[in-house]
Amino acid sequence: INSMKTEKVQFELWCAQCAHNVWRKRALATLRGCHAEVGVRASKGHNPPGRTSLDVFRQRVVRDVSNSVPKRTNLRDEIATAAAEHAPLLGDASDIKVIEKIQ
């Protein structure tokens, strides 16, 4: 039974990784196309596409520590939330179909 639980956790992690790869591929393609803009100061009200794409690869450090055990969330909800956050990178209908298939 423990091995079945472990396999389920591994499958869920793999699904999340596959979903993240969809917008990471688009972000990488954007960075390749506009690499000259990365590192340039943005003017007010103008966020270059390279900056948004670069943020996809950054892992933010969160120092908040909760004093309770977090509630388990559904994998589908987590993938849908992450996909909504990265919606500007999911321009193709094929990308959205892949995300729906993973969910």
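The values are calculated or read from the model by the stated rules, or taken from the named source; none is laboratory data. Worth saying up front: this structure is predicted, and the values here are computed from it rather than measured. FYI the Cβ positions are ideal-geometry reconstructions off the backbone, even for glycines, and counts take in every protein chain you see. When the accessible area is computed, the model is the full protein with side chains, heavy atoms only, and any ligands, DNA or RNA have been set aside. Shrake-Rupley method; radii C 1.70, N 1.55, O 1.52, S 1.80 Å.
Structure data summary
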read-out	value
The chain - percent of accessible surface contributed by carbon and sulfur, probe 1.4 Å	55 percent
1.4 Å probe accessible area per residue over the chain, in Å²	82 Å²
Those lysines that a straight Cα-Cα span of less than 25 Å connects to K25, excepting residues fewer than 8 apart in one chain	K97, K101
Using a Förster distance of 30 Å, the FRET efficiency for V65-T6 (Cβ separation, nearest 0.05)	0.70
Binned Cα-Cα distances of the chain, short to long, each 10 Å bin given as a whole percent	13, 34, 32, 17, 4, 1
Computed label-point distance, nm, for sites A84 and A29 using a 7 Å Cα→Cβ extension	2.5 nm
Mean Cβ neighbour count within 10 Å, used as a protection proxy, ranking 61-73, 8-20 highest first	8-20, 61-73
